[in-house]
Amino acid sequence: MSRNYITANGLLRIQRELHWLQTVERPKITREVGEAAAMGDRSENAEYIYGKKRLRQIDGRMRYLMSCLNKIEPIEIGLIRADKVLFGATVTVEDEEGVAKTWRIYGEHEVDVDKGILSWISPLGRALMGKQVGDGVRFKAPSGWRELEVMDLRYEGQVELLTPEYDRD
């Protein structure tokens, strides 16, 4: 079984979503389906049909999240001290035109390009692994081959990964 690394915040995010689906969303939809079924003819009852479809989606998502939890390995990035790119690194790279971009290398379930978070198994994430400041990086992007240089590397606190309903306390 291959492992998949994740930050502590990423693990918490998955656990919260699963808990929310199990304790809030699924029971709510189950009640709605029950109420719709009590109205009579189910074959033309849109609320019943939609509710059953939504329950299947919820059950599928719960199965997926549980399988993810069996494969992930949480990493405490605040404890990492390294001079090369590893999981949890914050890396600033510069492209051929001199444009710099900073990326955090996290787990595949934590990707948020707008916040500068890449997966460690993405093409750029893989290419950066093991590199040091000053190293060149060549990787295949959707637009073709790109070359970057590692300008800065550090390990710092995690970005808060808040998600919809299930992360509101």
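Read the figures in this text as sums done on the coordinates, not as results from a lab. In this text, all values refer to a predicted model and were calculated from it rather than measured experimentally. Neighbour counts are summed over all protein chains in view; Cβ atoms, including those assigned to glycine, are modelled from backbone coordinates with ideal geometry.
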Of all residues in region 36-51 being surrounded by 14 or more Cβ atoms within 10 Å (Cβ to Cβ) and small (Gly, Ala, Ser), the one that is nearest to Glu25 (Cα to Cα): Gly51
Failed condition for Thr30, given (1) farther than 21 Å from His109 by Cα; (2) touching a residue at least 24 places away in the same chain (Cβ under 8 Å); (3) crowded, with 17+ Cβ neighbours inside 10 Å; (4) not aliphatic (A, V, I, L, M): (3)
Qualifying residue in region 98-105 (condition: touching a Phe, Trp or Tyr at 6+ places or on another chain (Cβ under 7 Å), surrounded by 17 or more Cβ atoms within 10 Å (Cβ to Cβ) and assigned to a strand (DSSP E or B)): yes
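Given Ser143, Ser67, Ser119, which one is out of contact with any His (no Cβ under 6 Å at 6 or more places or on another chain), buried (at least 18 other Cβ atoms within 10 Å of the Cβ) and of a type outside the set (Asp, Glu)? Quick ask: steps written out before the conclusion?
On the way: Ser143 fails: buried (at least 18 other Cβ atoms within 10 Å of the Cβ); Ser67 fails: buried (at least 18 other Cβ atoms within 10 Å of the Cβ).
Testing whether each residue is out of contact with any His (no Cβ under 6 Å at 6 or more places or on another chain), buried (at least 18 other Cβ atoms within 10 Å of the Cβ) and of a type outside the set (Asp, Glu) leaves just Ser119.
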Members of region 1-24 found to be without any contact (Cβ under 8 Å) to a residue 60 or more places away in the chain and either among the acidic types (Asp, Glu) or in contact with a helix residue (DSSP H, G or I) (Cβ under 7 Å, 6 or more places away or on another chain) (or both), listed by number: Leu18, Gln22
